[in-house]
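Contents: one structure, followed by commentary.
The values are calculated or read from the model by the stated rules, or taken from the named source; none is laboratory data. What you are looking at is a predicted structure, and each value in this text was computed from that prediction instead of being measured. Quick reminder, even Gly has a Cβ in these numbers, built from the backbone with ideal geometry, and neighbours come from all protein chains shown.
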Amino acid sequence: MKSGSNLERILESGRFSVTAEAGPPKGSSPKVIQRKGELLKLCCDALNVTDNQTAIVRMSSLSGCVLLKELGVEPVLQMVVRDRNRLSLQSDILGAAALGIRNVLCLSGDHQKFGNHPTAKGVYDIDSIQFIQMVKTMRDEHKFLNAEEISGDVPFFIGAAANPFADPFEFRVIRLAKKVSAGADFIQTQGIFDMAKFVEWMKMVRDRGLDEKTHILAGLIPIKSVGMARYMRSNVSGLSVPKEIVDRMADAKEPKEEGVKICLETIEQLKEVDGVHGVHIMAVAWEDIVPRIVEEAGLMPRPVV
């Protein structure tokens, strides 16, 4: 079933896709999301609105998606199972469908102990793989999780996340296979700095034929400073930042320029990896750099399909 998603049309046409993140504010002003939408609308095929990322309270993803849609930007609704039970998840999916949102990214969510309300109770009524399956059933069979009929269409292009770098490494592709089997139409990966390890993971993906069953968008995180590189290398679980990347940032006279250069080099390498269908740029608090990266990577103008 076609969702009516522009992102789906571009990926299904075989074009190399570009998505990015538009993080919502720790407040109620719509201007933050609107500014990011205007900045990124011409260089991206769709924009993810994060859902209380790193377990820090922010404006809801659903609200951010509606604000982007009003600007003519295609949103990707991120939803985590950390904060909602199956009633709330299904309710929000129906609401998003009614509001014309056509992409959803089904996630577990960062554990609440890492955020600004560490004593909050985690829900985790179902896991992210069950969530993917549930949305697929709602879309394809018009049924809720309890098998009751849904009135009306639930047309979503269903996404999931993948981390090629977490341990145990051999398990990563098995987990991806489960998500694809559950119904993930597209995958956005963790940020890639260790290209050799990513290439090895992609070979395992191709060996299982998963690249033909889903669309893989490789994650990119532009680095602003050596401090950021060191922090990600030492403190971000599941992120593999080789020492040579840290050294390059440490030796750079203009660290931001070096960070852009690393990002562009990574995109060029990713274009040559069989089974990679696009990139997902996570420019944390540096959204302004995304148009330049997309332009200099030769990915402009974006296709209209």
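Structure data summary
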| item | result |
| --- | --- |
| Count - residues of region 265-293 that are out of contact with any Pro (no Cβ under 6 Å at 6 or more places or on another chain), outside any loop (DSSP other than H, G, I, E, B) and surrounded by fewer than 18 Cβ atoms within 10 Å (Cβ to Cβ) | 7 |
| Tabulated pairs, region 69-86, first within 16 Å of Phe157 (Cα to Cα), second aromatic (Phe, Trp, Tyr) and surrounded by 24 or more Cβ atoms within 10 Å (Cβ to Cβ), C-beta under 8 angstrom, 6+ apart or interchain | Met79/Phe131 |
| The one condition in (1) surrounded by fewer than 16 Cβ atoms within 10 Å (Cβ to Cβ); (2) farther than 21 Å from Phe186 by Cα; (3) free of Cβ contacts under 8 Å to residues at least 60 places away in the same chain that Asp127 fails to fulfil | (2) |
| Those residues of region 1-31 which are closer than 19 Å to Met282 by Cβ and surrounded by fewer than 17 Cβ atoms within 10 Å (Cβ to Cβ), in sequence order | Pro25, Lys26 |
| Among the residues listed as Ala166, Ala160, Ala184, Ala177, the single one being touching a residue at least 24 places away in the same chain (Cβ under 8 Å) and part of a strand (DSSP E or B) | Ala160 |
| Unmet requirement for His111, which otherwise passes all of (1) crowded, with 16+ Cβ neighbours inside 10 Å; (2) more than 26 Å from Glu74 (Cα to Cα); (3) under 18 Å from the mean Cα position of the chain (by Cα) | (1) |
| Flag for Val32 being out of contact with any helix residue (DSSP H, G or I) (no Cβ under 7 Å at 6 or more places or on another chain) and either part of a strand (DSSP E or B) or not basic (Lys, Arg) (or both) | yes |
| Search result, residues across region 233-252 that are part of a helix (DSSP H, G or I) and free of Cβ contacts under 8 Å to residues at least 12 places away in the same chain | Ser234, Asn235, Lys243, Glu244, Asp247, Asp251 |
| Tally, over region 32-63, of residues that are under 17 Å from the mean Cα position of the chain (by Cα), touching a residue at least 40 places away in the same chain (Cβ under 8 Å) and surrounded by fewer than 21 Cβ atoms within 10 Å (Cβ to Cβ) | 3 |
| Which numbered condition Ile223 misses (of (1) of a type in the set (A, V, I, L, M, F, W, C); (2) within 22 Å of Val76 (Cβ to Cβ); (3) at pLDDT 95 or above; (4) not in a helix (DSSP H, G or I)) | (2) |
| Among the residues listed as Leu89, Leu94, Leu105, Leu176, the single one being surrounded by 14 or more Cβ atoms within 10 Å (Cβ to Cβ) and in contact with a Lys or Arg (Cβ under 9 Å, 6 or more places away or on another chain) | Leu176 |
| Filter pass, Glu257 being surrounded by fewer than 14 Cβ atoms within 10 Å (Cβ to Cβ), out of contact with any His (no Cβ under 9 Å at 6 or more places or on another chain), at pLDDT 95 or above and of a type outside the set (S, T, N, Q) | yes |
| Meets criteria (in a helix (DSSP H, G or I) and over 24 Å from Lys136 (Cα atoms)) for Glu8 | no |
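Quick grid of which residues meet (1) out of contact with any strand residue (DSSP E or B) (no Cβ under 8 Å at 6 or more places or on another chain); (2) among the hydroxyl-bearing types (Ser, Thr, Tyr); (3) over 27 Å from Thr214 (Cα atoms):
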site: Gly115; (1), (2), (3): yes, no, yes
site: Ala120; (1), (2), (3): yes, no, yes
site: Asp125; (1), (2), (3): yes, no, no
site: Glu141; (1), (2), (3): yes, no, no
site: Glu149; (1), (2), (3): no, no, yes
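Here's the yes/no breakdown for (1) farther than 30 Å from Arg139 by Cα; (2) among the hydroxyl-bearing types (Ser, Thr, Tyr); (3) within 20 Å of the chain's Cα centre (by Cα):
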position: Ala196; (1), (2), (3): yes, no, no
position: Asp207; (1), (2), (3): no, no, no
position: Pro222; (1), (2), (3): yes, no, yes
position: Arg230; (1), (2), (3): yes, no, no
position: Leu239; (1), (2), (3): yes, no, yes
position: Glu254; (1), (2), (3): yes, no, no
position: Val273; (1), (2), (3): yes, no, yes
